[in-house]
1. In this model, which of K97/K123; K339/K454; K254/K367; K97/K189 are farther than 21 Å apart at the alpha-carbon?
2. Give me a comma-separated list of calculated 3J(HN,Hα) values for the range 51-60, in order, Karplus coefficients 6.51, -1.76, 1.60 applied at θ = phi - 60°, integers in Hz, x for any Gly or Pro.
3. Enter the accessible area of H356 (Å², nearest 10), with the probe set to 1.4 Å and all protein chains included.
4. From zero up to wherever the largest Cα-Cα distance of the range 243-297 sits, split into 5 Å bins and tell me the percent of pairs in each.
5. Over all distinct Cα pairs, what is the inverse of the mean 1/r for the range 187-226, reported as the Kirkwood hydrodynamic radius in Å?
6. Distances over 15 Å make up what percent of all Cα-Cα pairs in the range 85-150?
7. Project the alpha carbons of the range 200-319 onto their principal axes and report the range along each, largest first, in whole Å.
8. Quick one: which residues, 5+ away or cross-chain, put their amide H under 5 Å from the amide H of S160? H built at 1.01 Å from N.
Amino acid sequence: MSFNTIDAAWHLLADVQDAILITLAALKDEFKDSYYGHKLRGKKNATMHDGEDEFQRCLALNDIFEHVDARQLDFRQWHIDVALTIGLLGHIVTWCKSSHCELLNHLIPDTGPICVTRLMNNKQMFHLDRTLQIKELAGFRVTMTNVRGADGTSYVQAYSNELLERKTEEKIIMDLDIMNNIFFECTGKGDITGCDGCAHLEVWVLLDKVLNWLPTLPEEIVQCSVVAINRKLWWFFVYYCLAAIHLVLINLVKADARACCLDSTLALGAVCIYMLNACFTRPAEGFGWESLIETSCQQVLEDPDNNMDDEDTPTMPILYDSGTYFICNIVLNSSLHQKFLQLPVQRTFDPESMAHIYQKESMANIKSSFSWSTAPPSMCCPNPGRTNNCKRKTCDDVCYQPAVCLAGRDVDLYILNGGDEGDLDGAVDDEQRELMINKRVSKIYEQFFFDIIKEAPNQKSRQDGSYLSIPVHMRSDLA
């Protein structure tokens, strides 16, 4: 059993501990031997020093335990956070995904390459933290409490601190102009100092090993583990990502309840929030999110030799294989007398995952929050003006007018100049040829008008009629 942490000044710890332990013992007999852990806070970035200078390392450690009697501590029971910072002026420095294995092998050499590889494949212990959803740019978190050969190292985290403060995130979503000003300031516009970023490596080690742990990283490890990106290029990339997300979110805000209740619209809103958060912090993970991002991205064939048109052909999501994450497509839907964006309706989203993402019990509860009934709509009769343009068999109950025998200057010129002469079988005289051509052209004319009436396209909604302007009661007379 554990409780929330309590922040207390160092000179009040004795009073706090007595109050806590006495209260717990009075609650229940099982709490008589309770204990609690200490966490010394408020020292982050307060002891920055040259890690290769042994004297500076000692001074930094003394500063941390300024208010602690180190003689009363068991150094094998205390862990301390040792951090290393890598930066370059005018750049954003971040970690490379391809170097994680080599970096861990350097930090815990006694573990061995095989154990490190197994550790990285364990999703319960190793977590990949992508930066801006780019394939090669990623930090990581790994827990090594029970890893053999870790030699007192319990936790390692590699991350970058280029992210904006959370208080600016709300402003960015509210207004595109504010977003523009903020990111231009990050690039170092005019006399304003730009926002650089550093790569950080944190290791939790036992207190008795801290003075000799991670004083620096070898140059060859640094060269392969981090990448420095120009500050302006970095923040412009973030700006354009957020500008695209902003356009989608504004469209969804303007959509009415009917459009918002569609599964494909709900999925688009969720994946946009996922991508938005990934611009400020590491992407969300866990149940629901993995299913959403896999379904929302482009799918490719598992076997390239298979036929893509076959619905049963197995596919797999691209995810980050193209360099960065992007969704499959955005469709502009106008079927509900409005234009709104959604993901393709062919995508099937897991209802349980969607409910978990929206923190609701079911999809029905999500849709009910939009004040829109989820009852199935009644079957409405289609508009009588719609044409049967999908039927391949013609109707026999339509009475057509007698065949029209065309005449006129155009027809005469066509005949005199030998039109369709190559299609006539055998040698015929001029009178027969004229009769046959008249019949053919008349038949084409009749069929053309019939095709216009019977094959005219319909509007998308069943309640709307055909694009054909001829009233239904006049179509048989005109055919």
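1. Values: K97/K123 16 Å; K339/K454 30 Å; K254/K367 16 Å; K97/K189 31 Å.
From the list (K97/K123; K339/K454; K254/K367; K97/K189), the Cα-Cα distance tops 21 Å for K339/K454; K97/K189.
2. Residue by residue, the range 51-60 yields x, 7, 9, 4, 5, 5, 5, 5, 4, 5 Hz.
3. 100 Å²
4. Histogram of Cα-Cα distances, whole percents per bin: 4, 18, 28, 24, 18, 7, 1.
5. Answer for the range 187-226: a Kirkwood hydrodynamic radius of 13.5 Å.
6. On the way: 1188 of 2145 pairs.
Cα-Cα pairs of the range 85-150 separated by over 15 Å account for 55 percent.
7. 62, 43, 32
8. H200
The values are calculated or read from the model by the stated rules, or taken from the named source; none is laboratory data. All values reported here derive from a predicted model rather than from experimental measurement. Note that we place each Cβ from the backbone using ideal geometry, even for glycine, and neighbour counts take in every protein chain shown. Only protein heavy atoms, including side chains, enter the accessible area calculation; ligands, DNA and RNA are left aside. Shrake-Rupley method; radii C 1.70, N 1.55, O 1.52, S 1.80 Å.
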